[in-house]
1. For the chain, take the longest principal axis of its alpha carbons; what is the angle in degrees between that and the long axis of helix 118-129, to the nearest 10 within 0 to 90?
2. Which one, [x] 1, 8, 16, 19, 21, 17, 10, 4, 2, 1, 0, 0, 0; [y] 1, 8, 13, 14, 11, 9, 7, 7, 8, 7, 6, 4, 2, 1, 0, 0; [z] 2, 9, 16, 17, 14, 9, 7, 5, 4, 3, 3, 3, 3, 2, 2, 1, 1, 0, 0, gives P(r) over Cα pairs in 5 Å bins from 0, in percent as derived from the coordinates shown?
3. Among the trypsin sites (Lys or Arg not before Pro) in segment 55-159, which ones are in a DSSP loop with at most 15 other Cβ atoms within 10 Å of the Cβ? Mind listing them?
4. Please list, ordered by chain and number, the residues whose modelled amide H lies under 5 Å from the amide H of residue 82; skip anything fewer than 5 residues away on the same chain.
5. Using the alpha-carbon atoms, what tilt in degrees (0 to 90, nearest 10) does helix 50-59 show relative to the longest principal axis of the chain?
6. Could you sort 26-34, 7-15 so that the peptide with the highest average Cβ count within 10 Å comes first and the rest follow in order?
7. Is it possible to state the helix-based mean residue ellipticity at 222 nm for the chain, with each DSSP H run of 4+ residues giving -39500 (n - 2.57), the sum divided by total residues, to the nearest 500 deg cm²/dmol? What is it?
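No value in this document is a laboratory result; all are computed from the given coordinates. This structure is a prediction, so every number in the text was calculated from the model and none was measured. With ideal geometry, Cβ positions are generated from the backbone for all residues, glycine too; neighbour counts draw on all protein chains shown.
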Amino acid sequence: MLQAYKKGYRVKDNAVYGIIKKQPLKLSCSQSGYLFFNIKLGSRTLKVFLHRLVAYEKYQDKLFEPGILVRHLNGNSKDNSFENISIGTQTENMLDRSPEERLNHAIKASSFKRKFTNEKVSQIKLDHANGLGYKALMEKYCITSKGTLHYILTREYVT
C-alpha cells in the first residue's frame, strides 16, 4: 500500500487513479469483500487494498501504529469514501457493526474454534454420568484442560 502511494496512486470517489493514466484502475473484490488493485514492483505483483490506501491518505503513519486497523464506519466494505474510512482498534471496529451482526459474527467464529461435535459432547456427558472421572475423560478424549472439561460438562456446549 505504501509503495502504491509513493508511486502516485490516489483514491477519488471510490476509484483509484495513477499519475500516468487519467482513467480509473480496474478493481477486484477479495474473498473477504474488500476492493483491491494490483501494482507491479519489479517482478512481484502486490495487492493493494483500497480502504488501506484511503486510510493512509487520511491518517498517514498513524495507520501503522500497533493495534490500529482500518474501519468502515457504515459497515460496508465496498464504501471506501473518505468520510466512511476511519482508523481504530479491533474493539471499535466490531462496535461499528449492529448488535445482530456482532452476534452472527461471534457464532460463526466460535464454530471454527469448537473441537468437539455435538455427538462427541453427548458421549462425554454420558461417560461422565456412567461414572468416568475427570482424569479418565481427559485421557479418553484428549482434553488437556480440566477447565475445558468442566465447561463441557456443566454448560451448553453447542457447535
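1. 30 degrees
2. [y]
3. On the way: sites: 58, 62, 71, 78, 97, 102, 108, 113, 114, 115, 120, 125, 135, 140, 146, 155; in loops: 78, 97, 114, 115, 155.
Sparse-neighbourhood loop trypsin sites (Lys or Arg not before Pro): 78, 97, 114, 115, 155.
4. For residue 82, no residues qualify.
5. 70 degrees
6. On the way: 26-34: 11.0, 7-15: 14.9.
Per-residue mean Cβ counts within 10 Å order the peptides as 7-15, 26-34.
7. Values: 7 runs with 64 residues, N = 159.
Value at 222 nm, helices only: -11500 deg cm²/dmol.
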